[in-house]
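Engineer: Shown below is the structure under consideration.
The values are calculated or read from the model by the stated rules, or taken from the named source; none is laboratory data. Computed from a predicted model, the values in this text were never measured in an experiment. All Cβ positions, even for glycine, are placed from backbone atoms using ideal geometry, and neighbour counts span all protein chains on display.
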């Protein structure tokens, strides 16, 4: 049995629970040691940050306590137990969630937390046994969808293999954007695909939508396009290892050239995936240029809830200018992006206006 000698508050049994709750609230109670008692008193192990004048005139002694063997599942709990972060204000600012991609964790930290990044990284490694690397990330930028990544703990490596929906993805997170939080969304789109459709994935990245559809639906052809040469390199690799080479053609190009690309192949799309939040609207006219008379477009955006109706109006205007009419739309809130913004998909069904002869 492992023990630790530390300061403790000796208090009568009748006052024990009230005092324990107070000490816990003030982050004074040591959580890694077992509380002990005798016939008349309870002994509460405490940190060194107790102030006798401020925290009442407790009877403080020094005694031995048995160490807790409780499994720690939360990195926050570990930080607190190891006395790495004791400020309640800082603890409340720690992220409640993070992304695990293969053997890498990506986490966003507020500016006030940067000075604690080493401690945060070490705690995340300890509570996630299969993870080897911890990285902080900044927001995704530009058409290439890249972001600054900094390794704060573990192996100095941003390459990994991620498994999702029975599919393996090779990824270098420093060069390519990937979100595991879209796994359910990728399967939702896949389940909507009808046999023999021609699909254009305009901003394919490492091709997770395309591969998911090729593996679990029955399209005739998927054209997976991206401007990022590293994304294209990994898309080709992932298509090969998942055995869907016959269904997907990967194209390294600006999505603005999609009309020229499909014209050369004498193709038009039944379904278009536009997963480029913040910028997809400017590419919508190019999507209509490659559309069949009836088209389904999965349009992704990051937007405040109160602005969604105005966005729908804008999309209808763009459709009209391009000789299409939106006949149906379906709004899917995928995840919260910030306290007031949502990552959404608008499933657009549009028909071409047939001019009278």
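Engineer: Just to check your reading of the model, which residue among 284, 276, 315 is in contact with a helix residue (DSSP H, G or I) (Cβ under 9 Å, 6 or more places away or on another chain) and at pLDDT below 95?
Structural biologist: 276
Engineer: Considering (1) closer than 25 Å to residue 270 by Cα; (2) not assigned by TED's automatic domain parsing to the domain that holds residue 276, say which one residue 132 fails and leave the rest.
Structural biologist: Among (1) closer than 25 Å to residue 270 by Cα; (2) not assigned by TED's automatic domain parsing to the domain that holds residue 276, the lone unmet condition for residue 132 is (1).
Engineer: Looking only at the stretch 192-222, count how many residues are surrounded by fewer than 17 Cβ atoms within 10 Å (Cβ to Cβ) and part of a loop (DSSP other than H, G, I, E, B).
Structural biologist: Selection size over the stretch 192-222: 5.
Engineer: Answer with yes or no whether residue 295 is farther than 23 Å from residue 331 by Cβ, touching a helix residue (DSSP H, G or I) at 6+ places or on another chain (Cβ under 9 Å) and free of Cβ contacts under 8 Å to residues at least 60 places away in the same chain.
Structural biologist: No: the conditions fail for residue 295.
Let's see how each residue does on (1) under 44 Å from the mean Cα position of the chain (by Cα); (2) surrounded by 12 or more Cβ atoms within 10 Å (Cβ to Cβ); (3) at pLDDT below 80:
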residue	(1), (2), (3)
6	yes, yes, no
9	yes, yes, no
12	no, no, no
18	yes, no, no
24	yes, yes, no
34	yes, yes, no
51	yes, no, yes
58	no, yes, yes
70	yes, no, yes
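Engineer: Filter the helices (runs of 4 or more DSSP H) completely within the stretch 74-154 down to those with at least 3 residues that are free of Cβ contacts under 8 Å to residues at least 24 places away in the same chain and surrounded by fewer than 19 Cβ atoms within 10 Å (Cβ to Cβ).
Structural biologist: By residue number, 88-93.
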